[in-house]
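Here's the structure, in structure tokens; my notes come after.
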Amino acid sequence: MKIAVIGTGYVGLVAGACFAESGNDVICIDNNAGKVRVLQKGGVPIYEPGLEELVRRNRHEGRLTFSTALAKAVRESAVIFIAVGTPQDEDGSADLKHVLRVARDIGRSMNGYKVIVDKSTVPVGTAVKVRETVGRETTQPFSVVSNPEFLKQGAAIEDFMKPDRVVIGVEDPRAAELMLELYAPFTRTGAPIMVMDCASAELTKYVDHVRKAIGSDKRIGPSFLFPGIGYGGSCFPKDVQAMIRFASDTNYDFKILQSVEAVNLRQKTRLFAKVKRHFGRLKGKTVAVWGLAFKPKTDDMREAPAIPLIEALLAAGARVQAYDPEAVTVARGIFGKRITYSPSNYDALKGADALAIVTEWNEFRRPDFARMRSLMRSPVIFDGRNLFTPEQMTQNGFTYYSIGRR
Ligand code: NAD
């Protein structure tokens, strides 16, 4: 099948590479020419386990190409995925400007029947807007499909290749058949492909997020229940806000979700409050920060708890020496020269008055405590991810603060 994926970010690039891996001819489109240049030369601009290898193999075998030329890609493809960002608008709702701009551009380039698939996370009713936007530009026949994505960064390839289920919202049987064919290779192990109307598919994406957030009951699943300094990333924060906004538009006061949002924002300030309480004045202090990405195994820093923490430390006059295995390039774009980037987690500790642990990378879990103590000016740890037990840290001679524990 000939497929175009518009938007070559975490979702678009992973989807494009995985569809190519299952034998389709995929062209990935992005309007960021720099990103496309990197991909055309064989580079991968984001970090995601297994992605580089997958892109290299499929590029080499000619099934995966990259371009900025949307119109040509649309003309040559039977199925066109929209995988551009849906960032938060000022009022918290999902901003659809990228999705609708792409829909318009697709409409202008049509030369025959196309299946236009929305993979971006969008509020209920977006498929109708996409249909109207495309329809204003063309008299060619087309179907609109809603196919929300559930992958998580850090395990994106695995999630895409072996999904728990695939959700497909359709308006007509022709598009449904095509989507079933496309997803058949990924659901051989028995994962269901759930075909429904577009509005139900759009809502399923948000409700699934909420289900994870309330997984405090073993019968629902405890895997996400770790105390810490807040969730981040490009999806969960904005999707929760979009859901609150969507509820308020229908005059429903969604108190539980409002609390989720408020508590998460509060969690992000907790580590700094502990640092401040311990030291009083922070001017002239040096704080090592382990972890910048919003979670391990990604270089993504969107909404990362590291950002408000580091900004607060800098505003209070502290110096920051940070280490992250993958996110340093992204961090340079945010903090520039305002902080120091250390080549290893131990280097970050040199002369530090304290260590703040922000991201639970595996390599931070069993460090050499004696070496840490010898490098630091004072052995104080603020652990935002509860990697260690208070007893263990007392034994190792640290003053230790963690989240929700004495
Ligand atoms: P991203 O920001 O990493 O990538 C979006 C890409 O689209 C960028 O490369 C951007 O340059 C490109 N783009 C924007 N406008 C364009 C246009 N007019 N033409 C061509 N390209 C354009 O975003 P992402 O993380 O891949 O997320 C994409 C969507 O998928 C969002 O709606 C998000 O909520 C959803 N989603 C994300 C994840 C995740 O884990 N990141 C998981 C599931 C769903």
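The values are calculated or read from the model by the stated rules, or taken from the named source; none is laboratory data. Since the structure is predicted, the reported quantities are computational estimates derived from the model, not experimental observations. Because the Cβ atoms are built from the backbone with ideal geometry, glycine has one as well, and the counts that use them run over all protein chains shown. Remember, those area values only see protein heavy atoms, side chains included, never the ligands or the DNA or RNA. Shrake-Rupley method; radii C 1.70, N 1.55, O 1.52, S 1.80 Å.
General observations
- If only the Cβ of Lys and Arg carry +1 and only the Cβ of Asp and Glu carry -1, the dipole of the chain around its Cα centre is close to 1580 debye.
- Using just its DSSP H runs of length 4 or more, each adding -39500 (n - 2.57), the chain gives a mean residue ellipticity at 222 nm of -12500 deg cm²/dmol after division by all residues.
- Over 32 Å between alpha carbons, listed pairs Lys152/Lys285; Lys97/Lys152; Lys35/Lys276; Lys41/Lys285; Lys35/Lys283: Lys152/Lys285; Lys35/Lys276; Lys41/Lys285; Lys35/Lys283
- Computed from label points 7 Å out along Cα-Cβ, the spacing between Thr269 and Arg104 is 4.0 nm.
- Angstrom value of the Kirkwood radius, inverse mean 1/r, which spans all Cα pairs in region 39-108: 14.5 Å
- Probe 1.4 Å - accessible area at Met376, Å² to nearest ten: 20 Å²
- Net charge contributed by nearby residues that have their C-beta within less than 12 Å of Pro379 (K/R +1, D/E -1): +2
- Relative contact order computed over the chain (Cα-Cα under 8 Å; 6+ residues apart), in percent: 11 percent
- Candidate residues Asp118, Asp172, Asp91: accessible-area rank, largest first, probe 1.4 Å: Asp91, Asp172, Asp118
- Rounded to the nearest 20 debye, the dipole size of region 250-371 about its Cα centre is 580 debye, using +1 on the Cβ of Lys and Arg and -1 on the Cβ of Asp and Glu.
- As a ratio to 2.2 N^0.38 Å, the alpha-carbon radius of gyration computed for region 281-346 takes the value 1.03.
- Thr269 accessible area, assembled protein chains, probe 1.4 Å, Å²: 80 Å²
- Antiparallel DSSP beta bridges within the chain, percent to nearest 5: 5 percent
- Each of Gly404, Leu13, Leu54 was scored by the projection of its Cα onto the charge dipole of the chain, and the greatest displacement toward the positive side belongs to Gly404; charges sit on the C-beta of Lys, Arg, Asp and Glu.
- Among Gly284, Phe236, Thr133 the positive-end extreme of the charge dipole of the chain (Cβ point charges): Gly284
- Per-residue packing, averaged as other Cβ atoms within 10 Å, sorts the ranges 334-342, 313-321, 82-90 into the order 82-90, 313-321, 334-342, beginning with the highest.
- The percentage of C-alpha pairs in the chain whose separation is greater than 38 Å is 27%.
- Atom-type composition of the exposed protein surface of the chain places 51 percent of the accessible area on carbon and sulfur (1.4 angstrom probe).
- Average silhouette area of region 108-181, convex hull of alpha-carbon atoms, in square nanometres: 5.8 nm²
- Here is the P(r) of region 270-406: all C-alpha pair distances, binned every 5 Å from 0, give 2, 11, 23, 26, 22, 13, 3, 0 in whole percents.
- Stretching the chain fully between Ser22 and Glu158 yields a gain of 47.6 nm (0.36 nm per residue, less the alpha carbon separation).
- Each Lys and Arg contributes +1 and each Asp and Glu -1, all at the Cβ; summed about the Cα centre of region 157-212, the dipole is approximately 260 debye.
- On full extension, the segment bounded by Ala33 and Arg277 gains 83.2 nm, given 0.36 nm per residue less the C-alpha separation.
- Solvent-accessible area per residue for the chain (1.4 angstrom probe, square angstrom): 46 Å²
- With a cut-off of 13 Å between beta carbons, the residues surrounding Glu261 carry a summed charge of +3, where Lys and Arg count +1 and Asp and Glu -1.
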